[in-house]
Every structure is written in structure tokens, then in C-alpha cells.
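Taking it in order: structure first as C-alpha cells, then the write-up.
The values are calculated or read from the model by the stated rules, or taken from the named source; none is laboratory data. Since this is a predicted model, take the numbers as computed values, not measurements. A quick note on method: Cβ atoms are made from the backbone with ideal geometry, for glycine too, and the neighbour counts reach across all protein chains shown. For accessibility, only protein heavy atoms count, side chains too; no ligands or nucleic acids. Shrake-Rupley method; radii C 1.70, N 1.55, O 1.52, S 1.80 Å.
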Amino acid sequence: MDRYAAERIRPFGASVFIEMTRLSIEHQAINLGQGFPDFAGPDFVKDAAKAAIDADLNQYAPSHGIPRLRKAIAATFRQRTGIEVDVEREITVTSGATECIYDCIQAFLNPGDEIIFFEPFYDSYHASAIMVNATPRPIRLYAPDWRFDEDALRAAFNDRTRLLLLNTPHNPTGKVFSRAELELIAALCVEHDVIVLADEVYDRILFDGAEHISIATLPGMWERTLTINSTAKTFSMTGWKIGYAVGPANLNAALRAVHQFVTFASQTPFQDAMANALEVADAIGYYDQLAAEYTVRRDAMREAIVRAGFGVLPAGGAFFLMADPGERSFPSDMEFCFWLIREAGVTTVPPSAFYAKPDEAPVLARFCFAKKAETIAAAAERMAKLSVGSA
Ligand code: PMP
Ligand code: GLN
């Protein structure tokens, strides 16, 4: 890193998504690495964005989001959780969930404060914590079912703990936290007066009857939780970067204090299009269709992984599968992923990028299945050839 770079950001380097995308292009591989759909998002959402641009909704939005989108978020949140929110004071729109998480960490942590999150973790959590000189306290999730140790979680809380970041359904494992797990987390947060950031960006992508529970709905939690979501996953438009947080007015006020100086406001026409999407999605059966289509993709991806001779871990939600190398053996997940690119021409993501100490990561590869049937079929065909060769 350049000598002009601030000390705290010097360890960052290029993110795993940038690096694996570069390698994927270099090897002309099928990219199942970075989590984004390679299929088109829905026409009704695209048409709404075009209409918004033509209607000249192209100037700065109010910093906390256009009223139409906040109303649509409130209605969706009420339908999902039963909680009625104040549209003016309890919702903030941001440029994706990533900005929202960064802003919240800026808003609630002083240097030296501690933040708890489950490991493996979405990589921006750790980096955002480092950028405020806070101390990350990762709690390990253990394969194959990604349980955590209750005593380890309990021991992580102390008088410097200010925030707990919870992601369910979980990237990269596909874990959906159970009610009992959420009740334990909630009880500890109440006991230690800790705020929760609930990253629920995959809440509509669930399999096999898995139930998504918002921790904000548990007793004593509304007043200490900001529930974060992003329309990127739900409407398959990751490039639009429309995210939001829902929670009590005092927490939103702190988030807004930061957001106004980070981006000030988020893209007006895409906010309007996302408002339209949220308004109609349920009535047209869009959410059921989304989950059904992802189930088909997950099953196809799982079959491809198994046929290549790898093991596959269970996933209750999100759009990733974690695979182990089966009979083969690799010194690290990086070597496993590099080998997959070289030998099969398939790009995945090494989960060590989601560990504070990467050398402690299990030897797995994360396959993103937010892909067209033909992309998954092409990857399956390439990987099938592996089972006859040797590592
Ligand atoms: N949280 C998790 C768990 C994610 O996987 C992602 C991204 N894919 C985000 C947040 C970021 O969402 P956005 O694209 O809206 O910034
Ligand atoms: N969240 C996506 C993933 O986990 C990628 C987001 C990004 O590229 N920053 O793959």
C-alpha cells in the first residue's frame, strides 16, 4: 500500500471480489464468485426506473430518502414484522446496505469500542470497524451447520461492547439463525445495553421452509435495533445501490448525521423505481416466484458440486453454497479456489476473506448460484470433467 495511505487502511488491499473477478477474466472462467445475478432484473422494476428518469426525478433526493420509498418500506416492514413505523423519523435510505453499515459503525462506535459479529462475516463489517479504530470481536460459526458456542458469545460481551452486527440469512454460509439463537443474542444485548445492526439483505431468499425472523421483533429489541436491507438482492439490481435502515428515531438520527456527509442522498430515480417495486411485488406474487426460482438454481448448483466429487454444506437462505474438496486435499481455501479456476475454469470465492485470521478458515469454496440456468449448466459441465482427473 502506498506510503501516503493512512495507517489504518494499509492492510486492506483489493477486496476478494475485485481480486477474484480479475482472475476470472484472466482465465476466461465462469464467474460464480462475486454475489450478483447474471440474469436480468424484472421488467416492471426497469420500466419504473426509465419512467422516473423521464419524469425528471433526477435531482437530489431528501437526505433520508424520498417519501414514496419510505412509505413503501414502512408498508413492507409492517407486513413482515407487524411493526408500525414512523415514515418521517424511523427510516433512512442509503446507497446500498454497505453504505448503511459503514454509516452505522461511524455513528455508534468510538475508537476502542468493541463490535461483535459472527465469523465468517461479510468483508465490509471488519473493514468498517477498522476505519473507526474500533475492535472487532468475531464469534466463530462452525461447519457444517454453522452453530456458535454460547459461552464464547457470552464471553465476548464487556463494558466496551457497543454494537452487535447480525446477518441472517447469512453470507457466505447460507445459515438462517433460529429463534432460540436470536433469543440468546437478544437477551445478551439487552443485558449489556448493546445496539444491534440486523443485516437482512437476503430475507426473501429462503429454502425448504426456513423461517426468517427479524431480531427487532423480539421483546426489548425494537428500541435497540436498526434493521438493514437492500433492494439489490430482492429485485436483482445490485448496481442500483438502494439500501435502507428501519428502527427507532434516536438511532436513525445518529445514522442520518453520518449519511448526510457520506453521500448526502441516494439515487433519486432508482429510489422511485424501488418504491414502485415494493408497492406491487407482493400482490403480483413476485416474492414467492423469487424464492421458487432460487430453489431451482440452488438445487442445480448443488448437483453440479456433488457430481464434481465435492461435498456441499446445507444452506437455508441467501444465494451461496459452501463446498468442500471431498477426497482431494488442498493446503488452504485459496489453493482450492485457484485450482478450480485453473483446472475447471470456474471462479468461486475463498471464505478466508471473511475471517479475521484468514489462515483459520476451513478449506471451502463459496459458489454463488444467482445465475442463469445455462451458466450453472456450463459450470456443471466444466466441473464434471474434474471427477475423472486427479488433483
Ligand atoms: N450485507 C451482506 C451480507 C451482503 O452479502 C451484501 C452484498 N452483497 C451487502 C450487505 C451489501 O449490499 P449492497 O449491495 O446493498 O451494498
Ligand atoms: N455481497 C457480494 C458478495 O458477497 C458482493 C458485494 C461486493 O462486491 N462488495 O459476493
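Hey, can you tell me all the residues within segment 302-341 that are without any contact (Cβ under 8 Å) to a residue 60 or more places away in the chain and polar (S, T, N, Q)?
SER332
In segment 369-391, which residue that is touching a helix residue (DSSP H, G or I) at 6+ places or on another chain (Cβ under 8 Å) and assigned to a loop (DSSP other than H, G, I, E, B) is most open to solvent (accessible area, probe 1.4 Å)?
Checking each candidate, the answer is ALA391.
Failed condition for ARG366, given (1) away from ligand 2 (no atom under 16 Å from the Cβ); (2) crowded, with 23+ Cβ neighbours inside 10 Å; (3) of a type in the set (Lys, Arg), with all others met?
Going through (1) away from ligand 2 (no atom under 16 Å from the Cβ); (2) crowded, with 23+ Cβ neighbours inside 10 Å; (3) of a type in the set (Lys, Arg) one by one, ARG366 breaks only (1).
Identify the residue in segment 369-391 that is modelled with pLDDT under 95 and of a type outside the set (A, V, I, L, M) and, among all such residues, is farthest from ligand 2 (Cβ to nearest atom). Spell out the reasoning first.
Narrowing segment 369-391 to residues modelled with pLDDT under 95: 384-391.
Filter once more, so that each one left must be of a type outside the set (A, V, I, L, M): 385, 387, 389-390.
Working: LYS385: 26, SER387: 26, GLY389: 28, SER390: 30 Å.
Among them, the one singled out is SER390.
Could you look through segment 315-343, keep only residues that are away from ligand 2 (no atom under 16 Å from the Cβ) and in contact with a Lys or Arg (Cβ under 9 Å, 6 or more places away or on another chain), and pick out the one that is least open to solvent (accessible area, probe 1.4 Å)?
Selected residue: PHE336.
MET1 fails exactly one of the following numbered conditions: (1) closer than 29 Å to ALA344 by Cβ; (2) away from ligand 1 (no atom under 16 Å from the Cβ); (3) not hydroxyl-bearing (Ser, Thr, Tyr). What is the number of that condition?
(1)
Select from segment 20-49 the residues that are assigned to a helix (DSSP H, G or I), open to solvent by 30 Å² or more (accessible area, probe 1.4 Å) and more than 16 Å from ligand 1 (Cβ to nearest atom) and list them in ascending order. Can you show your working first?
First pass over segment 20-49, keeping only residues assigned to a helix (DSSP H, G or I): 20-26, 43-49.
Next, from what is left, pick out any that are open to solvent by 30 Å² or more (accessible area, probe 1.4 Å): 21-22, 25-26, 43-44, 46-47.
Selection gives ARG22, ILE25, GLU26, ASP43, PHE44, LYS46, ASP47.
When the residues of segment 234-283 are narrowed to those that are open to solvent by 40 Å² or more (accessible area, probe 1.4 Å) and within 16 Å of ligand 1 (Cβ to nearest atom), which ends up nearest to ASN58 (Cα to Cα)?
GLN267
Is it the case that some residue within segment 291-299 is more than 30 Å from GLN59 (Cβ to Cβ), over 22 Å from the mean Cα position of the chain (by Cα) and at pLDDT 95 or above?
no
Give segment 201-226 a look and list any residue that's under 18 Å from ASP288 (Cβ atoms) and assigned to a loop (DSSP other than H, G, I, E, B), or say none.
Scanning segment 201-226 gives TYR202, ASP203, ARG204, ILE205, PHE207, ASP208, GLY209, ALA210, GLU211, HIS212.
Looking at ALA361, is it open to solvent by less than 10 Å² (accessible area, probe 1.4 Å) and within 16 Å of ligand 2 (Cβ to nearest atom)?
Considered against the rule, which asks whether it is open to solvent by less than 10 Å² (accessible area, probe 1.4 Å) and within 16 Å of ligand 2 (Cβ to nearest atom), ALA361 comes out as no.
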